Amino acid sequence: MAIDPVDVEVPSGPKRPPKERKQSQPKQYNHQKSGSGGCHSRIRKPVLALCKVTNAAAAAQPAKNLKAALLEAEQGNEPVDGGLLGMAAAQAGRLGLKDLLNTLCAYSWPRLSCCGGREVAELAAAASKCGCDDDRFFGFVAVYCCQYADAFGCLRDVALVATALTRKLDSKVDVASAFHGLTMVALKHLNNSRASHTQCPIRDIAEFFYSLVNLLGTSSGTALCASDVARDVIVAMATSVRPQLHKASAQDIAKTTGAASMAWTLFSQLQDQVLMPLLQELAQAVRFRHTDFNAQDVAHLSVAFAKVDGIPDFSTSLPVLLDKVLDNLAVFSSKDLSLVSWAASRSQYIGERCSGHVTKEVMRRDLSAFSAQDLCMLAQCLAKMGGRGKAALCLVAGQVFARQAQGLNTTDKVLFLWALAKCKVMHLALCRLIVRDLAVENCGSLPRDKVGLAFWSLAVVWSSLPNGETWREMLATSLLAAQPWLMAPAYEVTNAAWAFSQLPPSLSGRSWPSLLQTMSWVQPKQLSEHELCNLLFGLSSCTVQVAMFEETFVRFSGELVARLDGRYFSEHDRRLLVSAFSKQALMKSLEESMQDKIKAFLGIDAREDPSPQEPEDQTEDTVTEQQDDTNGATEPPPPPKEKTSDDKSTDWDHGHHEHHGHQGHGFSETCCKAASCSCEEPTSSNTSDLSRLRLNYHCNYKGHCVQLKHTFIHVDCPAESDSEEDCMLCKMGRRRARSMDSKGLDIMDAEPLGPRRQAGRQQRRSGSSSSEQQAQQQAEQQ
């Protein structure tokens, strides 16, 4: 504890530094001294009685007495004794006394300026640990960090406050300003320890490092990330950590690895000289200490390894880590499982080893125990896994629909709709629910990239939504008014062009001039073949009378002609081009030499309008990743956005040409009901929804028709893009035998089968029964 400046005789004259230090310190020391020595505090005895308790059951009466004493102190406006408040908060945090901590936070938030740095750190850490949601208290903690940052006398105090404030990143608390003050004082402590040839504890460095980079990865931390003090403190922490790795705990290694991997993506100028040596030593530490990591450490390490590529030591440590991942799948929490799913969807090597096991584990779990954010993260990861994740995504979609999307904010709903559109899983009721919510939640005010995602996703599911409802028109109008293609990357502009082709001209007609103006800024040579085909297909739905249309179409058509020789175009891209150039009005705007080359390449004859392909059967294949947080308190930071628009895309035909029963559902209601199974549904609430998942072979949909409880879901399974081995539903359909290990996944044995599969099963059963009878007769004869 610092010396009370009131009790120190400050000599007059030249000694200015002590006076300056007095002004830089908060006022707490004067009140604290008078509160502990000058008068008897009402809360002293209850606090000391609480500190003697060793369990929560025995703390009931001391906690009650302390709350009563706090009320008396509030009524009498008693001077604050910060030391007693810190002791009470620390003990309440250890015993999990949330009600007492709420009372302490309510009493202390207007008096934080009279407390020391250690007391504020203990109050904030205990409140965060017990889940106190008093944003007013944490708001004044942030103000304290800005005004009295020097009051934190060691890096331990800084780490405690930083960890507590990290869990408030999604709230209205000004965490960024607080971290600016914490970063300044943390750099001072690191420099002082290096100057005095001492070392700050690696535990404190790891916790502050991890909290800091999680803030820097958010939009509110952009200004701090670009500052020199952030770069300097990253260098200081990396330099201080390396000599202490031999005495670091497993949790410290996991946190430091996660922080260094996030810093790798944020500070490219520090990769070679600072972060590369640190990550190499951390990879060796992971390999040698892999037996000490618990399930949570393994999950966070998998995320860290997925973010960093090109480090040789990681390639040797990664197989060891993945073995730990597979060993801990059954014990992962819902949060840890979502983190591992993110790593499997981000890294190709991790995905090849773990994606199949992860999807099976998701299908085994009771998804009702998952938080809404974990379900949203799982949906995005499963969508990026392609065919392997479709069966599990059906279960996740069913769980979100059962909750009526409760707990999902507007951004989460946009990302969930994107996952359904990307993976081509048509849960009609859920899509209608999300579109209705987004239409009334001012979706157009989201960040530009999220609005672009919502616009593309709406275009994908547009033709499947009922025509009688106006929610989709309301949402489309809001998204078009936001103009997400302005200042967007080239691939998002091509996606917007494709989305225009799916909307009726009455909605998209007024927005074409703005999109065409944006296309004029796009360089054709920068586009991939798939992006170029998307753009031309979208332009084909625009009327010729719109300004700048003809010159834009000719410019990009010329780029297409230049690529016809020696470039590969997928079957899907060729169908897009056939549908676009089948319109004679567009072909007439091109020169005859260009027309001949395009017709020869696409096989289009001279007939007019040779039945172009329906636009609703087309989709695009651009992957957009969520910016998310991978810390333990908040949701995993999302990977940086990247696009894989060169991937082959496939048609998504839900049979919209045949509207039987449900409008826009695209399958016969009677044939789907006929496939319903009369098996009793499990009554336990702690079982996986996999037991309720049934494949309907009587539906005329060309992909998979999945029944989940009373809902039918259409899942695309195109033969030209996804092989049968990559589709989990196809694997389920091929299963014949049933073992105890695969009981939860082999849904085909308990579900109605098609006529051919039923005949084959009956034949096998009759063969097995006849063989059993022969064996029994031989035994009787013997």
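The values are calculated or read from the model by the stated rules, or taken from the named source; none is laboratory data. Here the structure is a predicted model, which means the values were calculated and not measured. Reconstructed Cβ throughout: ideal geometry from the backbone, glycine too, with neighbour counts over all protein chains shown. Surface areas here come from the heavy atoms of the whole protein model, side chains and all, with no ligands, DNA or RNA. Shrake-Rupley method; radii C 1.70, N 1.55, O 1.52, S 1.80 Å.
Table for the structure above
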item: Test: residue in the range 188-195 that is touching a Gly at 6+ places or on another chain (Cβ under 9 Å) and part of a helix (DSSP H, G or I); result: yes
item: Which numbered condition Lys168 fails, given (1) under 19 Å from Lys98 (Cβ atoms); (2) open to solvent by 40 Å² or more (accessible area, probe 1.4 Å); (3) not in a helix (DSSP H, G or I); result: (2)
item: Residue within the range 125-142 that is assigned to a helix (DSSP H, G or I), touching a residue at least 40 places away in the same chain (Cβ under 8 Å) and open to solvent by less than 10 Å² (accessible area, probe 1.4 Å) present; result: no
item: All positions within the range 193-234 that are of a type in the set (D, E, K, R) and more than 19 Å from Leu245 (Cα to Cα); result: Asp228, Arg231, Asp232
item: Residue satisfying condition, being surrounded by 16 or more Cβ atoms within 10 Å (Cβ to Cβ), of a type in the set (S, T, N, Q) and part of a helix (DSSP H, G or I), within set Ser315, Ser338; result: Ser338
item: Residue check for Cys354: in contact with a Ser or Thr (Cβ under 9 Å, 6 or more places away or on another chain) and surrounded by fewer than 23 Cβ atoms within 10 Å (Cβ to Cβ); result: yes
item: Test: residue in the range 316-324 that is under 30 Å from Ser457 (Cα atoms) and in contact with a Ser or Thr (Cβ under 7 Å, 6 or more places away or on another chain); result: no
item: Which listed residue is in contact (Cβ under 8 Å) with a residue 60 or more places away in the chain and either in contact with a strand residue (DSSP E or B) (Cβ under 7 Å, 6 or more places away or on another chain) or under 30 Å from Leu393 (Cβ atoms) (or both), from Val298, Val325, Val303, Val331; result: Val303
item: Val544 vs. criteria under 27 Å from Leu602 (Cβ atoms), open to solvent by 40 Å² or more (accessible area, probe 1.4 Å), without any contact (Cβ under 8 Å) to a residue 60 or more places away in the chain and not in a helix (DSSP H, G or I); result: yes
item: Residue check for Asp150: out of contact with any Gly (no Cβ under 6 Å at 6 or more places or on another chain), charged (D, E, K, R) and not in a helix (DSSP H, G or I); result: no
item: Every pair of residues 6+ apart whose Cβ atoms lie under 7 Å, when the first sits in the range 81-94 and is closer than 12 Å to Ser108 by Cβ and charged (D, E, K, R) while the second is assigned to a helix (DSSP H, G or I) and at pLDDT below 95; result: Asp81/Gln32; Asp81/Gly35; Asp81/Ser36
item: Residue match in the range 200-215 (condition: in contact (Cβ under 8 Å) with a residue 60 or more places away in the chain, within 28 Å of Arg448 (Cα to Cα) and either part of a loop (DSSP other than H, G, I, E, B) or open to solvent by 10 Å² or more (accessible area, probe 1.4 Å) (or both)); result: no
item: Subset tally (residues that are open to solvent by 30 Å² or more (accessible area, probe 1.4 Å) and either over 22 Å from Gln273 (Cβ atoms) or more than 25 Å from the chain's Cα centre (by Cα) (or both)) for the range 301-312; result: 1
item: Residue that is farthest from Thr411 (Cα to Cα), among those in the range 362-385 that are open to solvent by 20 Å² or more (accessible area, probe 1.4 Å) and in a helix (DSSP H, G or I); result: Arg364
item: Pick from the range 98-124, criterion of a type in the set (S, T, N, Q) and over 22 Å from Gly153 (Cβ atoms), ranking: surrounded by the fewest Cβ atoms within 10 Å (Cβ to Cβ); result: Asn102
item: Conditions (1) part of a helix (DSSP H, G or I); (2) within 28 Å of Pro513 (Cα to Cα); (3) open to solvent by 10 Å² or more (accessible area, probe 1.4 Å); number of the one not met by Ala488; result: (1)
item: Subset of the range 502-528 (residues that are part of a loop (DSSP other than H, G, I, E, B), out of contact with any Asp or Glu (no Cβ under 6 Å at 6 or more places or on another chain) and under 15 Å from Glu492 (Cβ atoms)); result: Trp521, Val522, Gln523, Leu527
item: Any pair with Cβ under 8 angstrom, 6 or more apart, that starts in the range 431-442 at a residue that is farther than 21 Å from Cys394 by Cβ and ends at one that is assigned to a helix (DSSP H, G or I) and of a type in the set (Val, Ile, Thr); result: Leu438/Thr410; Leu438/Val414; Glu441/Thr410; Asn442/Thr410
item: Residue check for Val229: open to solvent by 10 Å² or more (accessible area, probe 1.4 Å), among the aliphatic types (A, V, I, L, M) and in contact (Cβ under 8 Å) with a residue 12 or more places away in the chain; result: yes
